[in-house]
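> Here's a structure for you.
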Amino acid sequence: MTTPANLESYATQTARLLDINLPRGGAALVAAQLDVLFAHARMFAEFDLPPECEPLTEYQP
Amino acid sequence: MSEVAASELADLGVVQTAAAVRSGRLTAEQVVEAALARTERLDNRFNCFTRIDVEDALKCARKTDRALKRGDDPGPLAGVPFGAKDLYDVAGETTTAGARSRANAPPAEEDAAAVSSLKRAGGALLGSQNMDEFAYGFTTENEHTGNTHNPHDVTRIAGGSSGGSAAAVAAGLCAGSIGSDTNGSVRVPAALCGVFGLKPTYGRLSRRGVFPFVHSLDHVGCFARGVADLAALYDALQGHDPRDASQADRAVEFALPGVNAADRKLRVGTLGGYFHESAMPEALEAVDEVADALGASEEVELPEVERARSAAFVLSAAEGGSLHLHNLQREPQQYDHAVRDRLIAGAMMPAGLVMRAQRFRRWFRDAVKPLFQQYDVLLAPATPFPAQPIGQKTIRMARGELSVRANAGLYTQPISFIGLPVVVAPLTAPGRLPLGVQLIGAPWSEARLIRAARRLERDGVARVVAPTELAA
């Protein structure tokens, strides 16, 4: 489960890996956004997609 | 020309203006001068434009007038003053996308395809219009370019991210505008400013020369004060562009010629469930009014729609973050802080989840498509609430205290996620803030949606009223 502390740690570590310099206090701000994003991600990640359902990256309606 | 006459000229819609110019009753130069004068007089109240190109606008107008004098066809938009969101390339100008970090970017070498199409049809570009930074927001509150104010109440947001484009049309500064819609950025400001808006099917219109936000979801769209005007703009924007790889291989399907035709039996449903939760009563009343007028009797639920909205939310952040990664590494301080933190978080989303969102998109598209065997039009609120005060960060909704900037598109995001075409019909009344209703159709059914919107306009249900701020 995500918590403010481990999301802030994730933000700090990933920023380092991505070569992004977070300003002082920046990790907490990014962690707050990550919290929202992961909450959304859980919404569709828990949905049981059939394995043959391919990514729709070359999209045509 | 007196100031009063100038205002009246600038109030003309797209079709009326073109007809007047083509018949010789007005010159394109008169019309464009009037629009420029009105914009100069009024835009300090609204902040719709980030740049006015007086010389270029007049040059376009004079070209139209010369064509008419020679007996040539000046095009279906002869003399029509229009604006373009500041993410459309304009030759010789820097495309800022509402961002300070792009202030010194090199100027565009040519017009974006959409700008070029409207000019070729005889339109005159007045200038570039305000937006949320990099189109990431629904409010057009911008730290760098200032906020756009809603012409119906200048203390309130215009909606976004194409807020300058919608507000300029609502205030009569131009007859039409082009914006872009990734998650609702045409539909939200159209609703909040009380004008008609069109987001066509994904891939219908060329995106060449449009600064991107989310490649998987970006659409070109337009605004007007009347349905025929919207159709005229849309028709001029259509056409195959061999230089846009994202454009679908579709024949042009004009909407204006049949705009008044009656569809014998329009099958209309109202989206329920998710689209009722969180909406303020007046937003639902607007949908009911449209449903009554179009004879919608059944309520329809989109399968797993909340997950679709979530997937669109994550995909937007991740693709946007990826697009901006290089600049976020070099100069994060150049970004509006609210946008920066969202983009950085997006760039940090694990690839597995992003791919999962794209896989879910296929599932959702395939699950929704069969509904259009039963329905021609599905109705939903465009926004859960009317325009909120500028600066208000959150709003109390059924799910708790939520960000206005991120949630005004609650009802638009799942629809653009699968690229369906939508016309927003504005419901306005004196003394009431505007609201909009989404008319959603099967892929490529723009012309039918436009006819349905025209029926609402003819019956007096969808209407554009002059903003009260203009009377002040």
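The values are calculated or read from the model by the stated rules, or taken from the named source; none is laboratory data. Here the structure is a predicted model, which means the values were calculated and not measured. FYI the Cβ positions are ideal-geometry reconstructions off the backbone, even for glycines, and counts take in every protein chain you see.
> Considering A:Ala28, A:Ala32, A:Ala45, which residue is within 13 Å of the chain's Cα centre (by Cα), more than 7 Å from chain B (Cβ to nearest Cβ) and not hydroxyl-bearing (Ser, Thr, Tyr)?
On inspection, the qualifying residue turns out to be A:Ala32.
> From the residues in the range B:451-470 that are assigned to a helix (DSSP H, G or I) and touching a strand residue (DSSP E or B) at 6+ places or on another chain (Cβ under 6 Å), which one is surrounded by the most Cβ atoms within 10 Å (Cβ to Cβ)?
Of everything passing the filter in the range B:451-470, B:Ala453 is surrounded by the most Cβ atoms within 10 Å (Cβ to Cβ).
> So, in the range A:13-34, how many residues would count as being surrounded by 16 or more Cβ atoms within 10 Å (Cβ to Cβ) and either not hydrophobic (A, V, I, L, M, F, W, C) or not in a helix (DSSP H, G or I) (or both)?
Residues that pass the stated criteria total 5.
> With respect to A:Leu37, is the statement that it is in contact with a His (Cβ under 8 Å, 6 or more places away or on another chain), of a type outside the set (Val, Ile, Thr) and at the interface with chain B (Cβ under 7 Å from one of its Cβ atoms) true? Break it down into steps so the answer makes sense when it comes.
On the way: in contact with a His (Cβ under 8 Å, 6 or more places away or on another chain): no; of a type outside the set (Val, Ile, Thr): yes; at the interface with chain B (Cβ under 7 Å from one of its Cβ atoms): yes.
Judged against the criteria, A:Leu37 is not a match.
> Looking only at the range B:288-330, filter to residues that are part of a loop (DSSP other than H, G, I, E, B) and aliphatic (A, V, I, L, M); which one of those is nearest to B:Arg356 (Cα to Cα)?
By that ranking, first place goes to B:Leu302.
> Only one of these conditions is not met by A:Met43: (1) in a loop (DSSP other than H, G, I, E, B); (2) among the aliphatic types (A, V, I, L, M); (3) more than 22 Å from B:Val339 (Cα to Cα). Which number is it?
Here A:Met43 meets the rest and fails (1).
> Checking A:Ser9 against (1) surrounded by 15 or more Cβ atoms within 10 Å (Cβ to Cβ); (2) more than 7 Å from chain B (Cβ to nearest Cβ), only one condition comes out false. Which one?
Every listed condition holds for A:Ser9 apart from (1).
> Based on this model, can you work out whether B:Glu306 counts as within 21 Å of A:Cys53 (Cα to Cα), acidic (Asp, Glu) and at the interface with chain A (Cβ under 8 Å from one of its Cβ atoms)?
Here the answer is yes, as B:Glu306 does meet what is asked.
> Can you list the strands (runs of 3 or more DSSP E) found entirely within the range B:360-431 that contain at least 2 residues being within 16 Å of the chain's Cα centre (by Cα) and in contact (Cβ under 8 Å) with a residue 24 or more places away in the chain?
Counting at least 2 such residues, we get B:422-429.
> In addition: Would you mind telling me which numbered condition in (1) assigned to a loop (DSSP other than H, G, I, E, B); (2) more than 7 Å from chain A (Cβ to nearest Cβ); (3) surrounded by 21 or more Cβ atoms within 10 Å (Cβ to Cβ) B:Glu277 fails?
With respect to (1) assigned to a loop (DSSP other than H, G, I, E, B); (2) more than 7 Å from chain A (Cβ to nearest Cβ); (3) surrounded by 21 or more Cβ atoms within 10 Å (Cβ to Cβ), B:Glu277 is out only on (3).
> Quick check on B:Thr64: is it hydroxyl-bearing (Ser, Thr, Tyr), within 22 Å of B:Ser180 (Cα to Cα) and buried (at least 22 other Cβ atoms within 10 Å of the Cβ)?
The answer is no for B:Thr64.
> Let me ask you something else. Residue pairs, Cβ under 8 Å, 6 or more apart or interchain, first in the range B:1-21 and over 9 Å from B:Ala34 (Cα atoms), second among the basic types (Lys, Arg) and at pLDDT 75 or above. List them.
What qualifies is B:Gly13/B:Arg225.
Per-residue answers, yes or no, for (1) under 30 Å from B:Ala262 (Cβ atoms); (2) at pLDDT below 95:
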residue: B:Val339; (1), (2): no, yes
residue: B:Leu343; (1), (2): no, no
residue: B:Gly352; (1), (2): no, no
residue: B:Val368; (1), (2): yes, no
residue: B:Gln374; (1), (2): yes, no
residue: B:Ile418; (1), (2): yes, no
residue: B:Val424; (1), (2): yes, no
residue: B:Ala447; (1), (2): yes, no
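> Sticking with this one: Residues to consider are B:Ala347, B:Ala318; find the one that is surrounded by fewer than 24 Cβ atoms within 10 Å (Cβ to Cβ), hydrophobic (A, V, I, L, M, F, W, C) and within 9 Å of chain A (Cβ to nearest Cβ). Even if it seems obvious, please write down each step before you answer.
Numbers: B:Ala318 fails: surrounded by fewer than 24 Cβ atoms within 10 Å (Cβ to Cβ).
Every option except B:Ala347 fails the conditions.
> Quick one: which of B:Leu173, B:Leu230 is outside any strand (DSSP E or B) and under 15 Å from B:Cys48 (Cβ atoms)? Show your work before the answer.
Numbers: B:Leu230 fails: under 15 Å from B:Cys48 (Cβ atoms).
Within the list B:Leu173, B:Leu230, the selection yields B:Leu173.
> Which members of the range B:432-445 meet the condition of being buried (at least 24 other Cβ atoms within 10 Å of the Cβ) and either under 15 Å from the mean Cα position of the chain (by Cα) or within 16 Å of B:Gln373 (Cα to Cα) (or both)? Please lay out each step first, then the result.
Our first condition is that a residue be buried (at least 24 other Cβ atoms within 10 Å of the Cβ); within the range B:432-445, this holds for B:434-440.
Result: B:Leu435, B:Gly436, B:Val437, B:Gln438, B:Leu439, B:Ile440.
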